[in-house]
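The values are calculated or read from the model by the stated rules, or taken from the named source; none is laboratory data. Treat the numbers as computed from the prediction; the structure is a model and nothing was measured. Ideal geometry is used to build each Cβ from the backbone, glycine not excepted, and the neighbour counts take in all protein chains shown. Side chains are part of the model used for accessible areas, which takes the heavy atoms of the whole protein and leaves out ligands, DNA and RNA. Shrake-Rupley method; radii C 1.70, N 1.55, O 1.52, S 1.80 Å.
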Amino acid sequence: MALEQRPVAKLDRAVIFLGPPGSGKGTQAQVLATKFGVPHLSTGDMLREHIAKETPLGLKAKPLMERGELVPDSLVLRMVSDRIERPDCSNGFVFDGFPRTVTQAKYLGELLRRQGFQQPFVIHMVIGNALLIRRITGRRTCKVGGEIYNIYDRPPKVAGICDNDGGELIQRPDDREEVITQRLHAYHKMTAPLVSYYRALGFLHEIDASKRVPEVEQEIEQAVAEMGEAR
Ligand code: AP5
């Protein structure tokens, strides 16, 4: 039975998508959050919104993101803790791109404990480097609703236009090949250690992210259903 048909009223925890740039975190986090009716919290999207609005945080983040470097923990942590205190997060939420350092993971663990949430469920998107470049350079995102496409593997019906809302599809400035190398470097140096961190805590579930979107979606659906049964 598909997840949306089940009487799953609450997620009641944080689901974390962990994986390199282009592994499909955003694509799958969006789907899962919609299924459970909880917020999809992409720290990348939040930071891009700050940049668009030219807030003090956005002005600090912009040059770092353009170079493919991480934004300092202190700035990201304040942004995230403000966001998950909002009432729409009371039934759980899906993180995409957070935490990204061990410091962020430890802080999140403490925050979740204080707010009375269960332990997080971490989905590790496992994929080799070769596929990532094609996925990232082919990505186009709707300027209006944020829907994610790929000109090679997941094209819109009409080039440059979102199927859902007719919004313009744009390419992210950090999706240029020279920045991608730096983003992958930052991932392997700063974020990959989270795999062993969460594995040691027993929260990690590995997914083969090299498969097609519907197959990955199905694997995640099954993993989350098993998590629900194990409660
Ligand atoms: P962020 O926006 O989080 O980017 P990222 O982690 O680099 O990940 P991406 O968005 O590139 O990829 P994704 O895994 O979401 O893949 P997607 O689903 O889009 O971060 C950007 C920057 O913000 C960072 O570099 C950093 O500077 C800063 N930042 C953000 N969070 C931070 C934090 N916590 N701390 C510090 N700094 C932070 O898919 C990619 C493409 O592939 C799409 O075109 C999609 O259609 C396609 N695709 C997806 N799945 C499949 C599939 N199974 N088969 C074929 N194609 C697929």
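How large a share of the accessible area of the chain, in percent, is made up of carbon and sulfur atoms when the probe is 1.4 Å and the other protein chains stay in place? Present the calculation step by step, with values, prior to reporting the outcome.
Values: 6150 of 11850 Å².
Roughly 52 percent, rounded to a whole number.
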- Note on the structure: Note on the range 135-231: alpha-carbon gyration tensor, axes a ≥ b ≥ c; rule is a/c under 1.5 for rounded, else prolate if a/b larger than b/c, else oblate; result oblate
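Suppose every Lys and Arg Cβ carries +1 and every Asp and Glu Cβ carries -1, with no other charges. What dipole size does the chain come out with about its Cα centre, to the nearest 20 debye? Spell out each step's value before the answer.
Working: 32 positive and 30 negative charges, 86 e Å.
Using only the charged Cβ atoms, the result is roughly 420 debye.
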- Dipole-positive endmost among 77, 116, 137 within the range 32-169 (Cβ charges, Cα centre): 137
- For the range 91-105, Karplus couplings with θ = phi - 60° (6.51, -1.76, 1.60), whole Hz, Gly/Pro x: 9, x, 6, 10, 8, 9, x, 8, x, 10, 9, 5, 4, 5, 5
- Task: Calculate the spin-label point distance for residue 182 paired with residue 148, positioning each point 7 Å from the Cα along the beta-carbon direction, and give it in nanometres.
- Result: 2.1 nm
- Query: Using a simple spin-label model with points 7 Å from Cα along the Cα→Cβ vector, what separation in nm is obtained for residue 131 and residue 75?
  - Reply: 3.2 nm
- Relative contact order (percent, whole number), the range 37-109, Cα cutoff 8 Å, 6+ residue spacing: 46 percent
- Query: Mind listing the phi-derived Karplus ³J(HN,Hα) values for the range 177-190, rounded to whole Hz, using 6.51, -1.76 and 1.60 with θ = phi - 60°, and x for any glycine or proline?
  - Reply: 4, 5, 7, 4, 4, 5, 5, 5, 4, 4, 4, 5, 7, 9
- Task: With θ set to phi - 60°, apply the Karplus curve 6.51 cos²θ - 1.76 cosθ + 1.60 along the range 126-136 and write out the HN-Hα couplings as whole Hz, x wherever there is a Gly or Pro.
- Result: 8, 7, x, 4, 4, 6, 5, 4, 4, 5, 6
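What is the dipole size for the range 105-226, taken about its Cα centre, with +1 at each Lys and Arg Cβ and -1 at each Asp and Glu Cβ, in debye to the nearest 20? Before the final figure, lay out each step's value.
Working: 17 positive and 17 negative charges, 86 e Å.
Around 420 debye, computed over the range 105-226.
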- Note on the structure: Residues meeting the amide H criterion for residue 41 (H placed from the backbone, H to H distance under 5 Å, 5 or more places apart or on another chain) are 94, 95, 96
- Item | Cut-off under 5 Å, modelled amide H: who pairs with residue 206 long-range | 124
- Item | Part-to-part distance (alpha-carbon centres) for the range 103-119 and the range 11-38, which is given in Å | 18 Å
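What is the range 12-60 by shape, rounded, prolate or oblate, if you read a ≥ b ≥ c off the alpha carbon gyration tensor as root eigenvalues and call it rounded for a/c under 1.5, prolate for a/b larger than b/c, and oblate otherwise? Walk me through the intermediate numbers first.
Details: a/c = 2.61, a/b = 1.76, b/c = 1.48.
Note, shape of the range 12-60 comes out prolate.
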- Note on the structure: The set of residues whose placed amide H lies less than 5 Å from the amide H of residue 150, leaving out same-chain residues fewer than 5 positions away, is 140
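Hey, could you grab the Kirkwood Rh for the range 84-157? Inverse mean 1/r over distinct alpha carbon pairs, Å, one decimal. Don't skip to the end; give the middle numbers.
Working: mean 1/r = 0.0651 Å⁻¹.
That comes to 15.4 Å for the range 84-157.
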- Item | Lys, Arg +1 and Asp, Glu -1 on Cβ, resulting dipole of the range 1-128 about Cα centre, debye, nearest 20 | 180 debye
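Can you check what the Kirkwood hydrodynamic radius comes to for the chain, Cα pairs only, in Å to one decimal?
One decimal place: 18.2 Å for the Kirkwood radius.
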- Spin-label pair residue 195/residue 59, simplified geometry with 7 Å Cα→Cβ offset, distance in nm: 3.9 nm
- Note on the structure: Heads up, the range 41-144 by the C-alpha gyration tensor (a ≥ b ≥ c square roots of eigenvalues; a/c under 1.5 rounded, else a/b over b/c prolate, else oblate) looks oblate
